[in-house]
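A quick write-up on the structure given underneath.
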Amino acid sequence: MNRLEGRIAAIQSNGHLSLLDVAIGADTFTAILLETPESSPYLKVGAAVDLLFKETEVSLARNLTGLISLRNRFGVTVAAIVRGEIMSEVTMDYKGKRVSSIITTRAVDRLGLAVGENVEALVKANEMVVVQASSPASGLQAVDAAMRARTPELQEAELQ
């Protein structure tokens, strides 16, 4: 599970849905939540939070130009590649933090990925989970529960 520490920069809520902007250094990440400041008191501008996202939700790009609907685009440097026959894990450095992506080995080859190269990581806002800043264990437990609740089809796929 990828984990970045940040602070809530802005909150837009409507009904029981919120769109959060989370500042991580000079970068802003966006997450969509099924909770509001009224239902979750930790959701306050300035509050320290952990932004969590699965390795399988991180897409990689090179030479990407133009506008796209993905809200979270951030530059990374490839630190390691563990190649498998079908899937590979690409570990990257994002401002001193490790971020991983699991993509097909064909994609690694097509992108020509190599250690030391700069690429762009992309994650959809609805794949981000925000939890109150806490210890590593409790944060990961919270995201695991949140991800399983949001994606029952993943539970079924994991059993196959």
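What follows draws every value from the coordinates through simple rules; no lab data is involved. What you see is a predicted model, and the numbers here were worked out from it, not measured in a lab. Cβ placement follows ideal geometry from the backbone for every residue including glycine, while neighbour counts extend to all protein chains displayed.
May I ask you to evaluate 6.51 cos²θ - 1.76 cosθ + 1.60, the Karplus curve with θ = phi - 60°, for each residue of region 75-81 and list the ³J(HN,Hα) values in order in whole Hz, giving x for glycine and proline?
x, 9, 10, 5, 9, 7, 9
Expressed in nm to one decimal, what extension gain is obtained for the pair residue 36 and residue 124 from 0.36 nm per residue of sequence separation less their Cα-Cα distance?
Result: 29.7 nm gained on full extension.
Simple spin-label model, 7 Å along Cα-to-Cβ: residue 61 to residue 107 in nm?
Modelled inter-label distance: 1.3 nm.
Provide the packing ranking of 49-61, 33-45, 71-83, i.e. peptides ordered by the mean count of other C-beta atoms within 10 Å per residue, highest first.
49-61, 71-83, 33-45
Just rank 65, 104, fewest to most, by other beta-carbon atoms within 10 angstrom.
65, 104
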